[in-house]
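The values are calculated or read from the model by the stated rules, or taken from the named source; none is laboratory data. Here the structure is a predicted model, which is why all the values come from computation and not from measurement. Cβ: placed from backbone, ideal geometry, glycine included. Neighbour counts: every protein chain shown.
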């Protein structure tokens with residue numbers, strides 16, 4: 001399932017991920033990035049690779065309209081995914097970072113707006129959030145904190161493996 005971690009300061013969003021691929025009881029590493037850049041947004045994903053291919057390559061990915069508020073735009077992106085997959089959505093979770101905010105997109109493309117300035121998804125997310133809970137602060141460098149959260153997740157979760165990387169938008 002893997003692990004993706006995001007932090008925002010209200011202006012920028014940092015997002016990092018591991019490189020694990022799980023197939024049954026086997027684990028390997030992938031060069032495929034689990035944090036994708038599309039239209040001034042970061043999209044972190046865990047789960048089925050179909051979601052990655054859709055976000056990266058499917059035609060018609062929505063662009064933010066002039067004067068469109070961020071929540072409406074994120075809802076349109078999720079609606080596009082819902083239409084794209086129809087009755088067969090992939091078993092995946094997403095974190096979207098856009099406009100200095102973080103959104104979680106879960107089952108059925110349901111959107112939530114986390115109350116904390118950080119969020120994590122995947123099988124190592126509980127360990128990552130524990131690190132963020134204990135160490136997050138205004139003087140904490142987000143990229144270093146994300147890497148530490150991923151490293152702890154790797155030590156504690158069978159489904160998280162390096163190398164890790166962090167993107168910023």
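Some notes on this structure:
- Filtered by the rule that a residue be at pLDDT below 95, assigned to a strand (DSSP E or B) and touching a strand residue (DSSP E or B) at 6+ places or on another chain (Cβ under 7 Å), region 1-34 gives 20, 21, 27, 28, 29.
- When residues of region 152-162 are limited to those that are in a loop (DSSP other than H, G, I, E, B) and surrounded by 19 or more Cβ atoms within 10 Å (Cβ to Cβ), the one farthest from the chain's Cα centre (by Cα): 157
- Considering (1) in contact with a strand residue (DSSP E or B) (Cβ under 9 Å, 6 or more places away or on another chain); (2) closer than 27 Å to residue 63 by Cα, the lone condition that residue 147 does not fulfil carries the number (2).
- Residues of region 127-152 that turn out to be touching a helix residue (DSSP H, G or I) at 6+ places or on another chain (Cβ under 6 Å) and over 16 Å from residue 14 (Cβ atoms), as a count: 2
- Region 23-49, residues that are surrounded by 17 or more Cβ atoms within 10 Å (Cβ to Cβ) and in contact (Cβ under 8 Å) with a residue 24 or more places away in the chain: 34, 35, 41, 42, 43, 44, 45, 46, 47
- Among the residues examined, residue 100 qualifies as in contact with a strand residue (DSSP E or B) (Cβ under 9 Å, 6 or more places away or on another chain) and more than 24 Å from residue 50 (Cα to Cα).
- Residue within region 115-126 that is at pLDDT 95 or above, farther than 19 Å from residue 55 by Cα and in a helix (DSSP H, G or I) present: yes
- The set of residues in region 127-141 being within 17 Å of the chain's Cα centre (by Cα) and under 13 Å from residue 117 (Cα atoms) consists of 129, 132.
- Taking every residue in region 75-104 that is touching a residue at least 12 places away in the same chain (Cβ under 8 Å) and on the phi > 0 side of the Ramachandran plot and pairing it with any residue that is surrounded by fewer than 18 Cβ atoms within 10 Å (Cβ to Cβ) and not in a loop (DSSP other than H, G, I, E, B), at least 6 positions away or on another chain, the pairs with Cβ-Cβ distances below 8 Å are 99/70.
- Residue match in region 79-93 (condition: within 30 Å of residue 139 (Cα to Cα) and part of a strand (DSSP E or B)): yes
- Residue within region 139-151 that is in contact (Cβ under 8 Å) with a residue 12 or more places away in the chain and exposed (fewer than 14 other Cβ atoms within 10 Å of the Cβ) present: no
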